[in-house]
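The values are calculated or read from the model by the stated rules, or taken from the named source; none is laboratory data. This structure is a prediction, so every number in the text was calculated from the model and none was measured. Backbone-built Cβ (ideal geometry, glycine too); neighbour counts: all protein chains shown. Only protein heavy atoms, including side chains, enter the accessible area calculation; ligands, DNA and RNA are left aside. Shrake-Rupley method; radii C 1.70, N 1.55, O 1.52, S 1.80 Å.
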Amino acid sequence: MDTSNPLREERLRKLEEWRRRGIDPYPTRFVRSHVAQELQQGLRDLPAGSESTTHARVAGRITAKRVMGGVSFFDLRDGSGRIQLYATVDTLGPDRYELFTQLDIGDFLGVAGIVFRTKKGELSVRVQEFTLLAKALRPLPEKWHGLHDVETRYRQRYLDLIANERARRIAIMRSRIVSAMRRFLDSEGFLEVETPILQPLYGGAAARPFTTYHNALDMTLYLRISDELYLKRLIIGGLEKVYEIGKDFRNEGISTKHNPEFTQMECYWAYADYTDMMALTERMICQIAREVLGSTRILYQGHEIDLTPPWRRITFREALLEHTQIDIERCRTLPELRAELARHKLTVDPQPTWGKQVDELLKTYVEPKLIQPTFVLDYPVELSPLAKRKRDNPNFVERFEPFIGAMEFGNAFSELNDPIDQRERFLAQEAMRRAGDEETQPLDEDFLTALEYGMPPTGGLGIGIDRLTMILTDSPSIREVILFPTLRPKKDEEAK
């Protein structure tokens, strides 16, 4: 145990003093009658200098203290907000008052007393009884009301939640976003289901998996990168509208938009296509915004954005033509595409395959321009091994990605249900893997067998919960909206 911190040493001394007095500094429970917000709202009309008839039992963390002789003012914060405590030596008596003043910022405290409003207008609880509920042995950050060190905020999220109102608000809003999404899908007749996280073969997305091993079965397993192929099995089985909200895992880089462990909603709708899924997406995002924010107009990173349908629709090919003057229909091989890039003097990270290169071109030159809600649709078949081909052009598929604030936050298809075509796509993906693309879809014989029993026309949609939360909370980084983001290990010297 580290006892080199003098502030911690002083708190340990106080802890032993409480115990010496026969007081348990970590009691089992405390019965509350009110939370802070309930009192603030219920007594908002109480005049300054007046006492109510409300006797309240409140509990929370001490976040400020002012001891002025025989009178003390403490701030107590619970999950709903803050309320002031007013304690006097006359009410508590000398011994209990002295003990009260020895409480530290960060301690959890339960109090009971009459609620009144001070002459300055602050709603307060006149402390008649108090109970130490948990002694904090470490002090809060010096400026607990404004913890700004990013490293500390992400590694010690509990301090961030204590110190920053915005961090608490984002955590609450994320929960409400998920709840609103679930209510919307339930109201549309979708059935919530669960599919395996540990899978014998990964699939459903272009990503590298995390690999693990099951000792009893003596087999390699993968953390799922998507729910797609199992949810489609349920469509094959006759469940016509299904969805899942859960964790997916992709062994990829970390950035402001990427975390290896993320939350995704995927839904599948029998007898629908990607146009139906576009309409569903518009309605769902608008409904969530209305429920959580009270408006379909939002502010994201300085941009005023209107979520009201209909959203703009532009094809993948048209988007590249508009922003790069390159027509991907006229350069269908990687050498041809690279020649066009050179001719137009466009700089883009080199990729191993034609499909990856045009996708990188879109990310570099088109995505930053997609501020207002936009569906980019009809992707190249090379990028979409699980989507139906366009009826009028087999080089493209019925797929869209939604963008808001220059960020993609979802993916959707008219799902491929032809088992022969699906096998050929899987084989093409394996050829791309041999060409150097490590994120291709492996051939899944079990899924192909299921598909041969017949799957009706189906629309599928995936929405990234983390990115949607970023958009609706005006957060620039995915780490702001994930309570415990994946971080690099601290260096040994930093951990000391």
At 0.36 nm per residue, and after removing the present C-alpha to C-alpha distance, how many nm does the segment from Thr28 to Ile197 gain when stretched out fully? 57.2 nm
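Plugging the Kirkwood radius over Cα pairs into Stokes-Einstein for the range 251-366, at a temperature of 4 °C and a viscosity of 1.567 mPa s, what D comes out in µm²/s? Don't skip to the end; give the middle numbers.
Details: Rh = 17.5 Å.
Reported coefficient: 74 µm²/s.
Sort 470-481, 280-291 for me by packing, meaning the mean count of neighbouring Cβ atoms within 10 Å per residue, highest on top.
Values: 470-481: 20.9, 280-291: 19.1.
Taking the mean over residues of other Cβ atoms within 10 Å, the ranking is 470-481, 280-291.
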Could you work out how far helix 334-343 tilts from the main Cα principal axis of the chain, as a 0 to 90 degree angle to the nearest 10? 70 degrees
Which residues in the range 365-381 place their backbone N less than 17 Å from a point set 7 Å from the Cα of Ala406 along the Cα-to-Cβ direction? 365-374
Take peptides 209-217, 121-129 and line them up by average Cβ neighbours within 10 Å, highest first, as a rough protection proxy. 121-129, 209-217
From the helices alone, meaning DSSP H stretches of at least four residues, give me the mean residue ellipticity at 222 nm for the chain, per-run term -39500 (n - 2.57), in deg cm²/dmol to the nearest 500. -10000 deg cm²/dmol
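Considering only protein heavy atoms and a probe of 1.4 Å, how much of the accessible area of the range 1-79 is carbon and sulfur, as a whole percent? Kindly include the intermediate steps, with their values, before the conclusion.
Values: 2400 of 4930 Å².
Roughly 49 percent of what the probe reaches on the range 1-79 is carbon or sulfur.
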Starting from the Cα of Arg182, step 7 Å along the direction of its Cβ; do the same at Glu291; then give the gap between the two resulting points in nm. 1.0 nm
Taking every pair of alpha-carbon atoms in the range 413-483, what share in percent sits in each 10 Å bin, from 0 to the bin with the longest distance? 18, 28, 24, 25, 5
Taking θ = phi - 60°, what integer Hz values does the Karplus form 6.51 cos²θ - 1.76 cosθ + 1.60 yield along the range 128-137, in sequence order, with x for Gly and Pro? 10, 9, 8, 9, 5, 9, 6, 7, 7, 8
What is the helix-to-structure angle for 274-293, meaning the angle in degrees between its Cα long axis and the longest Cα principal axis of the chain, kept from 0 to 90 and rounded to the nearest 10? 10 degrees
Whole-Hz couplings from phi, Karplus 6.51/-1.76/1.60, listed for the range 363-369; x for Gly and Pro: 4, 7, 10, 10, 3, x, 8
Here P(r) for the range 346-496, Cα-Cα distances in 10 Å bins, as whole percents, is 10, 29, 33, 21, 6, 2, 0
Quick one: if the Förster radius is 35 Å, what FRET efficiency do Arg168 and Thr54 give, using the C-beta to C-beta distance and rounding to 0.05? 0.85
For the range 163-173, what does the Karplus curve 6.51 cos²θ - 1.76 cosθ + 1.60, with θ = phi - 60°, yield as ³J(HN,Hα) per residue in whole Hz, taken in order and with x for Gly and Pro? 8, 10, 4, 5, 4, 5, 5, 5, 4, 5, 5
Quick calc: nm separation of the 7 Å Cα→Cβ label points for Thr449 and Arg488 -> 4.5 nm
Just need log10 I(q)/I(0) for the chain at q = 0.06, 0.07, 0.12, 0.13 Å⁻¹, Debye formula, equal scatterers on the alpha-carbon atoms, no solvent, rounded to two decimals. -0.40, -0.53, -1.09, -1.20
Checked against the positive end of the charge dipole of the chain (+1 on Cβ of Lys and Arg, -1 on Cβ of Asp and Glu, about the Cα centre), the farthest of Leu46, Leu161, Leu231 is Leu46
Anchor Lys120: aspartates and glutamates whose Cα lies under 16 Å away (excluding residues fewer than 8 positions away in-chain): Asp45, Glu51, Asp75
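With N denoting the number of residues in the range 1-76, provide Rg(C-alpha) divided by 2.2 N^0.38 Å, to two decimal places. It would help to have the intermediate numbers written out before the result.
Details: Rg = 17.2 Å, N = 76, 2.2 N^0.38 = 11.4 Å.
Taking the Cα Rg and dividing by 2.2 N^0.38 Å, one obtains 1.51.
Roughly how many percent of the accessible protein surface of the range 434-494 is carbon and sulfur, given a 1.4 Å probe and a whole-percent answer? List each step's numbers first, then the result.
Working: 1390 of 2810 Å².
Ligands and nucleic acids excluded, carbon and sulfur reach 49 percent.
Probe of 1.4 angstrom, ligands and nucleic acids ignored: what's the accessible area per residue over the chain, in square angstrom? Spell out each step's value before the answer.
Details: 23860 Å² over 496 residues.
Solvent-accessible surface per residue comes out at 48 Å².
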Estimated distance in nm for a label pair at Glu336 and Arg283, the labels positioned 7 Å out from Cα along Cα-to-Cβ: 4.1 nm
Extension gain from Met68 to Tyr213, taking 0.36 nm per residue of separation minus the Cα-Cα distance: 45.9 nm
Between 0 and 90°, nearest 10: helix 6-20 axis offset from the chain longest Cα axis: 60 degrees
Among the listed pairs Lys135/Lys491; Lys241/Lys388; Lys241/Lys356; Lys257/Lys356, which have their C-alpha atoms separated by more than 26 angstrom in this model? Lys135/Lys491; Lys241/Lys356
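Convex hull volume of the Cα atoms in the range 175-324, per residue, in Å³?
Numbers: hull volume 25.2 nm³, N = 150.
Convex hull of Cα atoms, per residue: 168 Å³.
Based on the Cα atoms of the range 288-327, what semi-axes does the equivalent ellipsoid have, where each is the square root of 5 times one gyration tensor eigenvalue, given in whole Å with the largest first?
Values: eigenvalues 179, 30, 8 Å².
Three semi-axes, in Å: 30, 12, 6.
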